[in-house]
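*Asks:* The structure follows.
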Amino acid sequence: MGQEDKAISNTDRAIAELRRLVFSGELAAGSDHLESELAERLGMSRTPVREAARTLESQGLLELRARKGVRILSVSPTDMREIYDVLTELESLAAERAAERGHDADRLAALAQAIADMNRSLEARDLEAWAQADDRFHAELVRLGGNSRVIAIVAMLGDQVRRARAVTLFMRPLPVQSNRDHQGVYEAILRGDATAARDLHRAHRQQARDMILELLERHRLRQL
């Protein structure tokens, strides 16, 4: 591998790893980091870290500050409102289409398993495991809808939703109602009731949006 290829490879690796650290909350919103610190953490030179930081700045995840390194940007309530508006419509459409396609219990097994895992996680008070199962439920729901463009758009927005949830997961009440909502959507799809599947999922996502926006605003005010 030539020097240029190696530099490109290191930059791509730095982008992927910095994104993971930001979205997991290990690089917390509002925190400042020197390039040398990040380079040491990633086990590489400062050049690919600097290039990665420029890419992430263009994506709105961090801000480059002269002679001060980078600052991790907070999750914007305005951005989350727009993202949830899109997700609500696309996922509700997926729920409607999934019901219209007549999936039987076997084809809905992964959806049912995600719900079972969410229930088990709540009983154990393991919110991180609940969040992982919740991700699986929503990804499977969109897959069952069968629209490849909806799948791609929802996947593109997923990182931002997970980042907001990393901030709010332990601030929210236990998501008991969320589990009930998922069960209701599953049952509507299983019986082929497209209207109920769409409307139940839309109401579920709207409630989640309102709660997350309130928690993000509370978190922002605490940081001021």
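The values are calculated or read from the model by the stated rules, or taken from the named source; none is laboratory data. Just so it is clear, the model here is predicted, and its values are computed rather than measured. In this analysis, Cβ positions are derived from the backbone assuming ideal geometry, glycine residues included, and neighbour counts consider all displayed protein chains. The protein model used for the area step is the full one, side chains on, heavy atoms only, and it has no ligands, DNA or RNA in it. Shrake-Rupley method; radii C 1.70, N 1.55, O 1.52, S 1.80 Å.
*Asks:* Which of (1) surrounded by 15 or more Cβ atoms within 10 Å (Cβ to Cβ); (2) polar (S, T, N, Q); (3) within 30 Å of residue 59 (Cα to Cα) does residue 206 not meet, given it meets every other one?
*Replies:* All conditions pass for residue 206, except number (1).
*Asks:* Can you tell me which residue is nearest to residue 204 (Cα to Cα) among those in the stretch 138-160 that are touching an Asp or Glu at 6+ places or on another chain (Cβ under 9 Å) and in contact (Cβ under 8 Å) with a residue 60 or more places away in the chain?
*Replies:* Here is the first cut: in the stretch 138-160, the ones touching an Asp or Glu at 6+ places or on another chain (Cβ under 9 Å) are 138, 141-142, 145, 150, 154, 158, 160.
Those left that are additionally in contact (Cβ under 8 Å) with a residue 60 or more places away in the chain: 141, 150, 154, 160.
Numbers: 141: 13, 150: 18, 154: 16, 160: 18 Å.
Per the stated criteria, the residue is 141.
*Asks:* Look at the stretch 88-110 and say how many of its residues are surrounded by 22 or more Cβ atoms within 10 Å (Cβ to Cβ) and among the aliphatic types (A, V, I, L, M).
*Replies:* Residues that pass the stated criteria total 4.
*Asks:* Which members of the stretch 179-190 meet the condition of being open to solvent by 40 Å² or more (accessible area, probe 1.4 Å) and either touching a residue at least 12 places away in the same chain (Cβ under 8 Å) or not basic (Lys, Arg) (or both)? Reasoning before the result, please.
*Replies:* We begin by selecting, within the stretch 179-190, every residue open to solvent by 40 Å² or more (accessible area, probe 1.4 Å); these are 180, 183, 187, 190.
Scanning the stretch 179-190 gives 183, 187, 190.
*Asks:* Does any residue in the stretch 50-64 that is among the small types (Gly, Ala, Ser) come within less than 7 Å, Cβ to Cβ, of a residue that is in a loop (DSSP other than H, G, I, E, B) six or more places away or on a different chain, and which pairs are these?
*Replies:* 60/73
*Asks:* Just checking, does the stretch 17-34 include any residue being of a type in the set (Lys, Arg), open to solvent by 70 Å² or more (accessible area, probe 1.4 Å) and under 20 Å from the mean Cα position of the chain (by Cα)? If you could, list the steps in order and put the result at the bottom.
*Replies:* As a first pass, look at the stretch 17-34 and keep what is of a type in the set (Lys, Arg): 19-20.
When the remaining residues are screened for being open to solvent by 70 Å² or more (accessible area, probe 1.4 Å), the result is 20.
Those still in the list that are under 20 Å from the mean Cα position of the chain (by Cα) too: 20.
So far as the stretch 17-34 goes, yes, one or more of its residues are of a type in the set (Lys, Arg), open to solvent by 70 Å² or more (accessible area, probe 1.4 Å) and under 20 Å from the mean Cα position of the chain (by Cα).
*Asks:* Given the conditions (1) within 24 Å of residue 16 (Cα to Cα); (2) open to solvent by less than 40 Å² (accessible area, probe 1.4 Å); (3) without any contact (Cβ under 8 Å) to a residue 12 or more places away in the chain, and given that residue 131 satisfies all but one, which numbered condition is not satisfied?
*Replies:* For residue 131, the exception is condition (3).
*Asks:* Based on this model, can you work out whether residue 198 counts as open to solvent by 30 Å² or more (accessible area, probe 1.4 Å), in contact with a helix residue (DSSP H, G or I) (Cβ under 8 Å, 6 or more places away or on another chain) and without any contact (Cβ under 8 Å) to a residue 40 or more places away in the chain? Steps first, please.
*Replies:* Details: open to solvent by 30 Å² or more (accessible area, probe 1.4 Å): yes; in contact with a helix residue (DSSP H, G or I) (Cβ under 8 Å, 6 or more places away or on another chain): yes; without any contact (Cβ under 8 Å) to a residue 40 or more places away in the chain: no.
No.
*Asks:* Answer with yes or no whether residue 56 is over 19 Å from the mean Cα position of the chain (by Cα), within 23 Å of residue 30 (Cβ to Cβ) and of a type outside the set (Val, Ile, Thr). Give the steps one after another, and end with the answer.
*Replies:* Values: over 19 Å from the mean Cα position of the chain (by Cα): no; within 23 Å of residue 30 (Cβ to Cβ): yes; of a type outside the set (Val, Ile, Thr): yes.
So residue 56 fails the test.
*Asks:* For residue 107, all conditions in the list (1) outside any helix (DSSP H, G or I); (2) in contact (Cβ under 8 Å) with a residue 40 or more places away in the chain hold save one; what is the number of the exception?
*Replies:* (2)
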